[in-house]
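S.K.: Can you read through this structure? Questions will come right after.
Just so you know, all these numbers are worked out from the coordinates, no wet-lab data involved. Remember, predicted model here, so these are calculated numbers, not experimental data. All Cβ positions, even for glycine, are placed from backbone atoms using ideal geometry, and neighbour counts span all protein chains on display.
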Amino acid sequence: MYENNRLHLWGGEGMGHVGEAAPTAHFADLIDNTDPAFTQIMQAILRFTKAGVELTEEMVTAAVKLGQLEHRRWTMADGNSFRADRVPANSRHNPVVYYARRGALIKIGTTTDLRRRMREILPEELLALEPGSIGIENDRHRQFSALRVPGQREWFHAGPVLQEHVLDMRATHGVPDQPLPTLPV
């Protein structure tokens with residue numbers, strides 16, 4: 001399922017033989033996965049690969065710098081990261097399309113009561129929010145229909161196109177920062 005996922009530096013191409021290092025394996029050492037800018041760094045790498053730029057040590061280093069710059073751009077002077085608007089507690093709100101992760105699957109749904117909905121589905125993580133209602137939700141279902149889990153209406157495999165969209169939603173609308181009910185991880 002993830003063979004062609006270019007977000008991952010450890011893809012199946014060029015794996016070599018037993019005892020040999022994969023040609024791109026050392027690139028992962030250039031990226032600190034605890035860096036607060038990790039999401040933006042991976043987004044920069046994805047954009048490079050989408051543009052046909054060959055990943056070299058210099059390009060991965062450039063992606064790290066670009067990702068950190070993008071992260072700083074979204075960090076306000078008081079040190080708080082750019083966050084999505086808080087969802088009102090115990091009340092209805094304008095409709096939002098949500099992207100919730102459970103395992104390697106992402107649920108795309110809409111609600112006017114996000115707290116209640118998260119209690120019902122108990123995701124592992126709320127990835128992103130997008131203003132909009134059923135029309136936007138239906139557009140997203142069509143957009144990612146190739147990733148739909150067979151027999152499911154709103155659950156999708158977390159393919160690279162959907163991951164990129166989630167990153168775009170986070171960059172555009174902020175990172176969800178609600179203390180919402182989720183499964184313990």
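S.K.: Hey, fewest Cβ within 10 Å first, where do 107, 50 land in order?
M.R.: Fewest to most other Cβ atoms nearby, the residues stand as 50, 107.
S.K.: Multiply the residue separation of residue 58 and residue 121 by 0.36 nm, subtract the distance between their alpha-carbon atoms, and state the gained length in nm to one decimal.
M.R.: 18.4 nm
S.K.: Would region 95-185 count as rounded, prolate or oblate if I go by the C-alpha gyration tensor, calling it rounded below 1.5 in a/c and otherwise prolate when a/b exceeds b/c, oblate otherwise?
M.R.: Rounded, since a/c falls under 1.5.
S.K.: Could you compute the net charge surrounding residue 145? Neighbours are other residues with a C-beta less than 14 Å from the C-beta of residue 145; K and R count +1, D and E count -1.
M.R.: +1
S.K.: Under a plain spin-label model, where a point goes 7 Å from the Cα along Cα-to-Cβ, how far apart in nm are residue 102 and residue 47?
M.R.: Taking the two extended label points, one gets 3.4 nm.
S.K.: Once R0 is set to 22 Å, what does the formula 1/(1 + (r/R0)^6) return for the Cβ-Cβ distance between residue 133 and residue 168, expressed as a FRET efficiency to the nearest 0.05?
M.R.: According to the calculation, E is roughly 0.70.
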